[in-house]
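Down below is the structure, laid out as structure tokens.
A short reminder: the numbers here are calculations on the coordinates, not readings from a lab. Source: prediction; values computed, not measured. Here Cβ is always computed from backbone atoms with ideal geometry, including for glycine, and neighbour counts include all displayed protein chains.
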Amino acid sequence: MDEIISQLWTPELQMALTVFIVFLVVLYVLSIVWVVRDAYLRGTFWYIWAIVALVPLLGVIAYCLLRPPLLQIDRDEQELEVALKQRQLMQYGECANCGYPVEADYVLCPNCHQRLKNQCAKCGHALDPSWTVCPYCATPVGGAAPRGARTTGRPQQQPARQTAMAARADAAGQAQGARRPQ
Ligand SMILES: [Zn+2]
Ligand SMILES: [Zn+2]
């Protein structure tokens, strides 16, 4: 029996086994490096995962199962994209009267001629009815809306004033717009 083992235990086999063990050790070290680096990039607690990764094989498998799905840089980009979309959406609204999509600087609804905004007397920019000053040229806006009307939804503001204006906006809207200084 011993003879058979000693016959099999050739220098070639020893060499192969050594290479195999070195290979495993390198793989083990690389797996730890990978887990630490990946956990760091994903913005998670990489030092905790480094300890978990010290458990051979199981640590890496656990990390692969439980790691956060997104890289930190992707997450930042996604948040930025959402913020950008929200900003873009803020520039659009819909007419409170007919629901037609209108842009932030529309003074009248192009569909039903409902008055949506006031116009700055000096520079002609469309102003939110709740603003007390023109943000483009710093001209104070006369007859600003009461502070209570300050809400987020632009088109819903001042329903009483809008309905009153809607009555004559239809007839006088275009003439009024043409008369105003640009
Ligand atoms: Zn409308
Ligand atoms: Zn102005």
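Take the Cβ-Cβ distance between Glu12 and Asp74 as r, set R0 to 45 Å, and report the resulting FRET efficiency rounded to the nearest 0.05.
On the way: r = 49 Å, r/R0 = 1.09.
With a Förster radius of 45 Å, E is 0.40.
Pulled fully out, how much extra length does the chain show between Phe23 and Ile48, if you take 0.36 nm times their separation in residues and subtract their Cα-Cα distance? Each step should come with its number before you reach the end.
Working: separation 25, 0.36 × 25 = 9.00 nm, distance 2.56 nm.
Extra length from Phe23 to Ile48 when fully extended: 6.4 nm.
Based on the Cβ-Cβ distance of Lys122 and Glu94, what FRET efficiency does E = 1/(1 + (r/R0)^6) give at R0 = 30 Å, to the nearest 0.05?
Numbers: r = 28 Å, r/R0 = 0.95.
Calculated transfer efficiency: 0.60.
Starting from the amide H of Val141, placed 1.01 Å from N in the peptide plane, find each other amide H under 5 Å away whose residue is 5 or more places distant or on another chain.
For Val141, the qualifying residues are Val133, Cys134.
Cβ neighbours within 10 Å, averaged per peptide: list 114-122, 51-59 in order, most packed at the top. Present the calculation step by step, with values, prior to reporting the outcome.
Numbers: 114-122: 20.8, 51-59: 14.4.
Averaged packing, sorted descending, gives the order 114-122, 51-59.
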